[in-house]
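Here is the structure we will look at, set down as structure tokens.
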Amino acid sequence: MTKTWLELGVPKNIISGLVSRGIEAPFPVQEATLPDALAGNDICGKAPTGSGKTLAFGIPVIERVIAPHDPEWADFANKGMPQVLIVVPTRELCTQVTRDIEELASNRGIRTLAVYGGRAFEPQIEALQAGIEIVVGTPGRLLDLSRQGQLRLKQVSRLVLDEADEMLDLGFLPDVEKILANTPNRMQTMLFSATMPGDIIALARRFM
């Protein structure tokens, strides 16, 4: 029998947002991963596109973010620096994941930014300079912004790799490894992939 959101440990304020979007019950991938993910454990999940994995990682990262509307914000030392980094292989997935995260986090004041190639740097840089809690991006543009000193990754505590096997197929794995190496304060890493080829397993073993 499928567990409820509450039984999986999802906070009530997030549940209300899910229900308002018509998402009454969790999908299997969410039921399998949310208890560990909400506990702060690393996750390595095999899940195809369309299985609902965005919520499987989106709910835990939103729950852990310290946001402008939170009581802890006044004493938070790293205001405006990205706390969560979600790495995706394509601009289409980048915009989709960003939209889903924004809908989930709409009542928390969490600032989310999509960064990907094919767009001017300036609007993305302006948003980063204004302050962002969650960055969703493709590997190449993330590395470009990091090299420019505009994307500061030192305070990222939660990192998600979504569609990892597609990143491998597109030749992005070296960039992904550089991004992982630039997040030294990472407390939690979640990796989702439709398949688990050897290179992805090796990546997980190295960084998780």
Residue count for the stretch 53-79, restricted to those that are in a loop (DSSP other than H, G, I, E, B) and touching a strand residue (DSSP E or B) at 6+ places or on another chain (Cβ under 7 Å): 1
How many residues does the stretch 1-40 hold that are open to solvent by 70 Å² or more (accessible area, probe 1.4 Å), of a type in the set (S, T, N, Q) and in contact (Cβ under 8 Å) with a residue 24 or more places away in the chain? 1
Complete set of residues in the stretch 120-150 that are β-branched (Val, Ile, Thr) and either in a loop (DSSP other than H, G, I, E, B) or surrounded by fewer than 20 Cβ atoms within 10 Å (Cβ to Cβ) (or both): Ile125, Ile132, Thr138
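For every residue, the table says whether it meets (1) part of a loop (DSSP other than H, G, I, E, B); (2) of a type in the set (A, V, I, L, M); (3) open to solvent by 40 Å² or more (accessible area, probe 1.4 Å); (4) more than 17 Å from Leu180 (Cβ to Cβ).
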site: Ser51; (1), (2), (3), (4): yes, no, no, yes
site: Arg99; (1), (2), (3), (4): no, no, yes, yes
site: Gly117; (1), (2), (3), (4): yes, no, no, yes
site: Arg152; (1), (2), (3), (4): yes, no, yes, no
When the stretch 89-115 is examined, which residues are found to be of a type in the set (A, V, I, L, M, F, W, C), modelled with pLDDT of 95 or more and closer than 22 Å to Glu126 by Cβ? Cys94, Val97, Leu113, Ala114, Val115
Just checking, how many residues over the stretch 164-193 are closer than 26 Å to Pro48 by Cα, open to solvent by less than 10 Å² (accessible area, probe 1.4 Å) and either outside any strand (DSSP E or B) or not β-branched (Val, Ile, Thr) (or both)? 10
Assuming Ala67 fulfils every condition listed in (1) at pLDDT 95 or above; (2) closer than 19 Å to Val136 by Cα; (3) touching an Asp or Glu at 6+ places or on another chain (Cβ under 8 Å) apart from one, which condition is it? (1)
When the stretch 53-73 is examined, which residues are found to be open to solvent by 10 Å² or more (accessible area, probe 1.4 Å) and closer than 19 Å to Ser157 by Cα? Thr54, Leu55, Glu63, Arg64, Ile66, Pro68, Asp70, Glu72, Trp73
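Evaluate the stretch 23-38: report whether one residue or more is assigned to a loop (DSSP other than H, G, I, E, B) and over 26 Å from Thr195 (Cα atoms).
Filtering the stretch 23-38 down to residues assigned to a loop (DSSP other than H, G, I, E, B) leaves 23-27.
Still in the running and over 26 Å from Thr195 (Cα atoms): 23-24.
Yes: one or more hits.
Just need a number here: residues in the stretch 101-115 that are open to solvent by 80 Å² or more (accessible area, probe 1.4 Å) and within 21 Å of Val160 (Cα to Cα).
Matching residues across the stretch 101-115 total 3.
The values are calculated or read from the model by the stated rules, or taken from the named source; none is laboratory data. As the structure is a computational prediction, the values presented were derived from the model and not from experiment. With ideal geometry, Cβ positions are generated from the backbone for all residues, glycine too; neighbour counts draw on all protein chains shown. Protein only, heavy atoms only, side chains kept; ligands, DNA and RNA dropped before computing areas. Shrake-Rupley method; radii C 1.70, N 1.55, O 1.52, S 1.80 Å.
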